[in-house]
Amino acid sequence: MTPLDKPLRREVLIGDESYTLTVDPEGLKLVRKGHRKGLDLRWEALINGDAALATALQASLETP
């Protein structure tokens, strides 16, 4: 297997919006193209089962 030692970025089309998905050693980040803020998901949260809670909390803190 190849170790994940640097960020891997891919463009993802969700509906009619373009997003950038970054996978790095710390976790995942999904950001709408042209924006700086997005959703972060750390590997520890995913493994511990806290992923849904962390995502819901982050979404509730974002301003529309």
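The values are calculated or read from the model by the stated rules, or taken from the named source; none is laboratory data. Here the structure is a predicted model, which means the values were calculated and not measured. Glycine also receives a Cβ, built like all others from the backbone with ideal geometry; neighbour counts cover every protein chain displayed.
Here is a list of conditions, (1) modelled with pLDDT of 70 or more; (2) assigned to a loop (DSSP other than H, G, I, E, B), and Thr63 meets all of them except one; can you say which number that is?
Only one criterion in (1) modelled with pLDDT of 70 or more; (2) assigned to a loop (DSSP other than H, G, I, E, B) is unmet by Thr63, namely (1).
Please work out which residue is farthest from Leu39 (Cα to Cα), limiting yourself to region 1-26 and to residues that are of a type in the set (S, T, N, Q) and surrounded by 10 or more Cβ atoms within 10 Å (Cβ to Cβ).
If we take residues in region 1-26 being of a type in the set (S, T, N, Q) and surrounded by 10 or more Cβ atoms within 10 Å (Cβ to Cβ), then Ser18 is farthest from Leu39 (Cα to Cα).
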